[in-house]
Amino acid sequence: MIHLISSLVRKPGRRITGVAGAPAAAVGPDEAASRARGPRTASPGKVAAPGGTSGTVALSVHHLTKRFGARAAFEDVSFEVGYGEVFGFLGPNGAGKTTTVRTLGTLLAPSSGSATIAGIPLAPENGVEIRRRISIMPEAPGLYQRLTVAENLECFASLYEVPVPRERIELALRAVNLADRAGDPCGSLSKGLRQRVALARALLPDPQVLFLDEPTSGLDPVAARDVHELIDGLRQRGVTIFLTTHRLEEAERLCDRVAILNTTLRIIGRPGELRERLFAKTLTVKTLVPLPDPGRVFSGLPGVDGWRQDGASYVIAISDLATATPAVTRALVHAGADVLFIGESRHSLEDVYLQLIDQDAEAGEQ
Ligand code: ATP
């Protein structure tokens, strides 16, 4: 699969789609049709960075806000994403993730703030130039149900003015393991298979920045793993991926950095950094039977700040792993404890996410 992906995507910085006015972002049929026409105010002279990949920043977002009437879908959001980065965008239902994608994908105008996408400022007059460099795989595949898989891709390849469409359609279908279903009507496909057609469509225009809105939603574990492999392959080729997902283990596995949005941006960083920022360092100790006097074992040890019992195990708050671990081990042996496990406590991205969203819910109740 990785080989196919290599054939499908450009090397970073190389521009393939060169047809003026060609819209490249993958969207549903209605949006695609209107976008193919381009904005009436298109003014190529105002494009700031016609070559696209200027600098190392693929997405730069400053104080961006989108309101629908009095309600803010997202507010005062700022972040940067580097070329070749897989950036996870997480948040609860209604947090503003899809609206952010639609705004950065030029489908919605922001209410305030600014952004640069693939080197081009987000502005109505730059819509066509931005769309040439990005692709969006929306949450709902939005395919023509009566057309076959191949006919759908032909239709979109033509709308996006994809050069050598037949070749790219073939590669895209093979990349998502759908070559043998090319002749099937999309209406006869399962949800997971339609999702794969949507991914193939998103790959057609050879995007520099690929927005994937919940790409594994509703997929079985094997199909989801295929999509993960596809994303890994795209990353290796330097494609920037903006991934919104509710699957936290997916974000932890795939993303270089993640942001958690809950209308405003709550936190941003590498998953490991977020764990360290939110959780104090602790050791977990499990013994065969409860210690008769745990206070005597754990108190006063170097590098140990405190302890608490957590069911059948003990959680030891530590200031320094290298000092505390041997000290705790020695103390347990000295106390004659039958130790089953001793090690640094692991917090998952899910722990980070739940901690932040719970804090928000508590703040909302007060
Ligand atoms: P989910 O995880 O459920 O898909 P999300 O994080 O993608 O949610 P959005 O779809 O971006 O959230 O919605 C953010 C907020 O903006 C919600 O309150 C939603 O109802 C509102 N919203 C989105 N689109 C519109 C619209 N076209 N008109 C009015 N309100 C909208």
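The values are calculated or read from the model by the stated rules, or taken from the named source; none is laboratory data. If you're wondering where the values come from, they're calculated on a predicted model, not measured in any experiment. With ideal geometry, Cβ positions are generated from the backbone for all residues, glycine too; neighbour counts draw on all protein chains shown.
Among the residues that make up the stretch 315-322, is at least one of them under 24 Å from LEU278 (Cα atoms), of a type in the set (Gly, Ala, Ser), surrounded by 12 or more Cβ atoms within 10 Å (Cβ to Cβ) and over 34 Å from the mean Cα position of the chain (by Cα)? Checking the stretch 315-322: not a single residue is under 24 Å from LEU278 (Cα atoms), of a type in the set (Gly, Ala, Ser), surrounded by 12 or more Cβ atoms within 10 Å (Cβ to Cβ) and over 34 Å from the mean Cα position of the chain (by Cα). Filter the stretch 107-127 down to the residues that are more than 30 Å from ARG253 (Cβ to Cβ) and polar (S, T, N, Q), then identify the one that is farthest from the ligand (Cβ to nearest atom). Looking at residues that are more than 30 Å from ARG253 (Cβ to Cβ) and polar (S, T, N, Q), I get ASN126. In summary, LEU332 fulfils each of the numbered conditions (1) within 30 Å of HIS246 (Cα to Cα); (2) touching a strand residue (DSSP E or B) at 6+ places or on another chain (Cβ under 7 Å) with the single exception of condition (1).
Output yes when any residue across the stretch 241-250 is under 29 Å from GLY218 (Cβ atoms), in contact with a Phe, Trp or Tyr (Cβ under 6 Å, 6 or more places away or on another chain) and aromatic (Phe, Trp, Tyr), and no when none is. Within the stretch 241-250, one or more residues are under 29 Å from GLY218 (Cβ atoms), in contact with a Phe, Trp or Tyr (Cβ under 6 Å, 6 or more places away or on another chain) and aromatic (Phe, Trp, Tyr). Between PRO165, PRO207, PRO215, the distinction of being farther than 16 Å from ILE241 by Cβ and assigned by TED's automatic domain parsing to the domain that holds PHE242 belongs to PRO165 only.
Looking at the stretch 231-319, what strands (runs of 3 or more DSSP E) fall wholly within it and have at least 1 residues that are over 15 Å from THR329 (Cα atoms)?
On the way: elements: 240-244, 257-262, 264-269, 282-287, 304-310, 313-318.
In the stretch 231-319, the matching strands (runs of 3 or more DSSP E) lie at 240-244, 257-262, 264-269, 304-310.
To keep it simple, each residue is scored yes or no on (1) touching a strand residue (DSSP E or B) at 6+ places or on another chain (Cβ under 7 Å); (2) among the aliphatic types (A, V, I, L, M); (3) away from the ligand (no atom under 16 Å from the Cβ).
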{"position": "TYR144", "(1), (2), (3)": "no, no, yes"}
{"position": "LEU153", "(1), (2), (3)": "no, yes, yes"}
{"position": "ALA157", "(1), (2), (3)": "no, yes, yes"}
{"position": "ILE169", "(1), (2), (3)": "no, yes, yes"}
{"position": "LEU178", "(1), (2), (3)": "no, yes, yes"}
{"position": "GLY183", "(1), (2), (3)": "yes, no, yes"}
{"position": "LEU193", "(1), (2), (3)": "no, yes, yes"}
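When you look at THR216, is it among the polar types (S, T, N, Q), within 16 Å of the ligand (Cβ to nearest atom), within 15 Å of LEU349 (Cβ to Cβ) and touching a Ser or Thr at 6+ places or on another chain (Cβ under 8 Å), yes or no?
For THR216, the condition - among the polar types (S, T, N, Q), within 16 Å of the ligand (Cβ to nearest atom), within 15 Å of LEU349 (Cβ to Cβ) and touching a Ser or Thr at 6+ places or on another chain (Cβ under 8 Å) - is not met.
For (1) of a type in the set (A, V, I, L, M, F, W, C); (2) at pLDDT 95 or above, each residue gets a yes or a no:
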| residue | (1), (2) |
| --- | --- |
| ALA72 | yes, yes |
| LEU90 | yes, no |
| GLY113 | no, yes |
| VAL128 | yes, no |
| ARG132 | no, no |
| LEU159 | yes, no |
